[in-house]
Amino acid sequence: MLNLVIAEAVNTTLGNLIAVTGAFVILMALLKKFAWGAVQDILQKREDKIANDLDSAEQSRVKAAELEKERETQLASSRSDAADIIKNAKESGELSRQNIIKDTKEEVSRLKDRAQAEIKDERENALTSVKDDVATLSLQIAEKILSKELSQDAHQDLINNYMDKLGNTKHEA
């Protein structure tokens, strides 16, 4: 009886195994026919999306590297331009400073020359005025001493001689 129980258990188990295997094969066939294509399409789309995302990420990385290089180039160019502007401003400032100093020196020289010319003119005018006054006084003194009136020619000669002597005396001092 034990043998019978074992033989029947083996038959039941074997029958169950065959039934389950058959159901599994039928299920797989149905899945392949109805669902496998859709699953494969979903998996293919996912694979394509991941590949595109990786390509996009690589393109973005390359583009970011190019943009960084371009920004660095622009920054270097901006620094160079700023240095040139500062250099030009310094040169322009120095040139302006030199021109202002030159113009100021020229103006001072002109003012000095004009002042010297005015002093010389005033000195000559004063000297001429003093000579005229001294000549007139000398003539008056001479007239009183000589008690006579000098002629116009004698008067002019006396003035000229006195002025020459006075001029020589002033230049010698």
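Looking for whichever is part of a helix (DSSP H, G or I), touching a residue at least 24 places away in the same chain (Cβ under 8 Å) and closer than 15 Å to MET163 by Cα here; the options are SER129, SER138. Which one fits?
Every option except SER138 fails the conditions.
Only one residue in ALA57, ALA19, ALA38 is surrounded by fewer than 10 Cβ atoms within 10 Å (Cβ to Cβ) and not aromatic (Phe, Trp, Tyr). Which one?
Only one candidate passes the filter, namely ALA38.
Six or more apart or on different chains, Cβ under 8 Å: which pairs go from a residue in the range 145-162 that's at pLDDT below 70 to one that's open to solvent by less than 100 Å² (accessible area, probe 1.4 Å)? Could you list them?
Listed pairs, sorted by first residue: GLU149/GLU143; LEU150/LEU139; LEU150/ALA142; LEU150/GLU143; LEU150/LEU158.
Look through ILE100, ILE86 and report the one residue that is within 31 Å of the chain's Cα centre (by Cα) and open to solvent by less than 100 Å² (accessible area, probe 1.4 Å).
Among ILE100, ILE86, only ILE86 is within 31 Å of the chain's Cα centre (by Cα) and open to solvent by less than 100 Å² (accessible area, probe 1.4 Å).
The values are calculated or read from the model by the stated rules, or taken from the named source; none is laboratory data. Keep in mind that what you see is a predicted model, and the values were worked out from it rather than measured. Quick reminder, even Gly has a Cβ in these numbers, built from the backbone with ideal geometry, and neighbours come from all protein chains shown. When the accessible area is computed, the model is the full protein with side chains, heavy atoms only, and any ligands, DNA or RNA have been set aside. Shrake-Rupley method; radii C 1.70, N 1.55, O 1.52, S 1.80 Å.
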